[in-house]
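**Student:** First the structure, then my questions, so here it is.
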Amino acid sequence: MSRIILCALLLCGVCVAIPGCRRGSAKKQTPIDAAINDLLKGPREPNIVFDARPNERKVRLWKDDIYELDKKFQGQKDQLARKLKEVIADQEKLEQDSDSNKIVEAGKKAADDKESELEYKAFKARVVEFYKLKKDSPKDFSFDSVYKYFLRGDYYFSKKYVDKVSWEIVEEHKFLVNYLDKSAFGVTPAVDTRAPINVVNPDTRHQYIAGFRGGGPDTFTWDGKEGPPLKDSELTTYLRLQELRILRLYFVKYASPLLVRQQPNDTVVQSMVYGNPWEVLRSVDQNTPMLAKNPPEERDQKKFEAYLKDNAPPFVLEYLKDRFFSLNFKVDLRNDRVNLQNIVACRTIPFETEDPTTKAKSVWNHVVFSDGSTGAVPAAVVQAFRQELPQKTEPTPGSGGGGGFGGGMGLGMPGMK
């Protein structure tokens, strides 16, 4: 027996001496990425409970302001229940009365506008917070950085409904990353977005952010000050140009390591992505030629699509496959933009302009250049790489069907639906 005890004590001593036995591997553990950690946590319990309720229990309140009612009857459950029953009864009576259509439509519009206003307010506050964190880092003022900030921050707006069984006000979380589908960065309202060549500079720090507020466009500065007015059609154009810039950003991220001996997060590649690739490559040739790959690695369409699937917002790959985007896959990133040979992509569907004096019509395509600037060029310029016109109807940016870019394509995690 004493031998058994002695062996057991010896074994315990060995375990204490070896780091891996007492607390796992001695190697420093890699922390879980914040975005992945959020996924592991799963949805919050209130969301699960609410989503599990049958749809007939969820009622949109338009006859009265649900947000004001929630404040007014805070902590008064019975009084709130009585008030909700009364309002819903009146609301349903009006909905069933064909003579009250205008009243119903006006009430629903007012409720939608109020909700949009509050969601916009929450979005704007987060943009200003982002500015405070990143104002000293120019490269962070890209859609990609804003997108990741909203995605990882788990920021949401609480949309309120009435539960028709428990007669209480319940919440459904709308994540603010989905509000980016109707928000444009780098807006210059005084510029004609139909004009040729350079209409939007990629450096957005000194320009405006635009979003749909209460159904109409609104602009503000990075630090939250009010900006100049903007038309619906202008915001739609800016959103479409922004979509092109997002495609260009991920294309340059993919293509740059094929030209230089750098990883995606290294300085040279980052400079190409958030700056002018041909200027960076010229500097590499002059100062650090050992970094240049001669000859460069070939681009592979399938690998690029796989890269988009794993890294980009889902709509980028969908738009390419649906032919709303046409990518100039062989674009020369070493070429400057004087001769228009460094157009990275265009929107496949052209648009027309008419000269007010001669009435002559011209056909244009919106394009994005390798440095991230956007504009419009004559349709003939992009003829060499422009795809056939898409068979589907082009989504309207900011229409919000399902909360994604272009009316429901989605701004969730890359590669996920």
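**Student:** Restricting to the range 282-302, what's the tally of residues that are under 29 Å from the mean Cα position of the chain (by Cα) and either among the hydrophobic types (A, V, I, L, M, F, W, C) or under 17 Å from Leu249 (Cβ atoms) (or both)?
**Tutor:** Looking only at that region, the number is 1.
Each row is one residue, and each column tells you yes or no for (1) at pLDDT below 90; (2) on the phi > 0 side of the Ramachandran plot; (3) surrounded by fewer than 20 Cβ atoms within 10 Å (Cβ to Cβ).
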position	(1), (2), (3)
Leu247	no, no, no
Val269	yes, no, no
Ser283	no, no, yes
Gln286	no, no, yes
Asn294	yes, no, yes
Glu305	no, no, yes
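**Student:** Another question, then. Sort through Val377, Val344, Val367, Val363 and tell me the only one that's in the same structural domain as Val252 (by TED's automatic domain parsing), without any contact (Cβ under 8 Å) to a residue 24 or more places away in the chain, in a strand (DSSP E or B) and among the β-branched types (Val, Ile, Thr). I'd like the intermediate steps shown before the answer.
**Tutor:** Working: Val377 fails: without any contact (Cβ under 8 Å) to a residue 24 or more places away in the chain; Val344 fails: without any contact (Cβ under 8 Å) to a residue 24 or more places away in the chain; Val367 fails: without any contact (Cβ under 8 Å) to a residue 24 or more places away in the chain.
Every option except Val363 fails the conditions.
**Student:** List the residue pairs whose Cβ atoms are under 8 Å apart, where the first residue sits in the range 210-231 and is touching a residue at least 60 places away in the same chain (Cβ under 8 Å), the second is basic (Lys, Arg) and part of a loop (DSSP other than H, G, I, E, B), and the two are 6 or more positions apart or on different chains.
**Tutor:** Trp222/Lys135; Trp222/Arg205
**Student:** Just need a number here: residues in the range 167-221 that are in a loop (DSSP other than H, G, I, E, B) and modelled with pLDDT under 85.
**Tutor:** Final tally of qualifying residues: 20.
**Student:** Of the residues in the range 123-143, how many are more than 12 Å from Gly211 (Cα to Cα) and either basic (Lys, Arg) or assigned to a helix (DSSP H, G or I) (or both)?
**Tutor:** 14
**Student:** Of the residues Leu259, Leu291, Leu281, Leu247, only one is in contact (Cβ under 8 Å) with a residue 24 or more places away in the chain and within 30 Å of Ala125 (Cα to Cα); which? Before you say what the answer is, go through the steps one by one.
**Tutor:** Working: Leu259 fails: within 30 Å of Ala125 (Cα to Cα); Leu291 fails: within 30 Å of Ala125 (Cα to Cα); Leu281 fails: within 30 Å of Ala125 (Cα to Cα).
None of the others qualify; the one that does is Leu247.
**Student:** So how many residues does the range 71-121 have that are within 35 Å of the chain's Cα centre (by Cα), surrounded by 12 or more Cβ atoms within 10 Å (Cβ to Cβ) and not in a helix (DSSP H, G or I)?
**Tutor:** 0
**Student:** Okay, moving on. Can you tell me which of (1) exposed (fewer than 15 other Cβ atoms within 10 Å of the Cβ); (2) touching a residue at least 12 places away in the same chain (Cβ under 8 Å) is the one Ile169 doesn't meet?
**Tutor:** Only one criterion is unmet by Ile169, namely (1).
**Student:** Only one of Lys160, Lys182, Lys124, Lys134 is of a type in the set (D, E, K, R), over 23 Å from Arg240 (Cα atoms), touching a strand residue (DSSP E or B) at 6+ places or on another chain (Cβ under 7 Å) and crowded, with 16+ Cβ neighbours inside 10 Å; which?
**Tutor:** Lys160
**Student:** Just to be sure I understand, how many residues within the range 307-330 are surrounded by fewer than 17 Cβ atoms within 10 Å (Cβ to Cβ) and polar (S, T, N, Q)?
**Tutor:** Counting residues in the range 307-330 that are surrounded by fewer than 17 Cβ atoms within 10 Å (Cβ to Cβ) and polar (S, T, N, Q) gives 1.
The values are calculated or read from the model by the stated rules, or taken from the named source; none is laboratory data. Since the structure is predicted, the reported quantities are computational estimates derived from the model, not experimental observations. Note: ideal-geometry Cβ built from the backbone for every residue, glycine included; neighbour counts use all protein chains shown.
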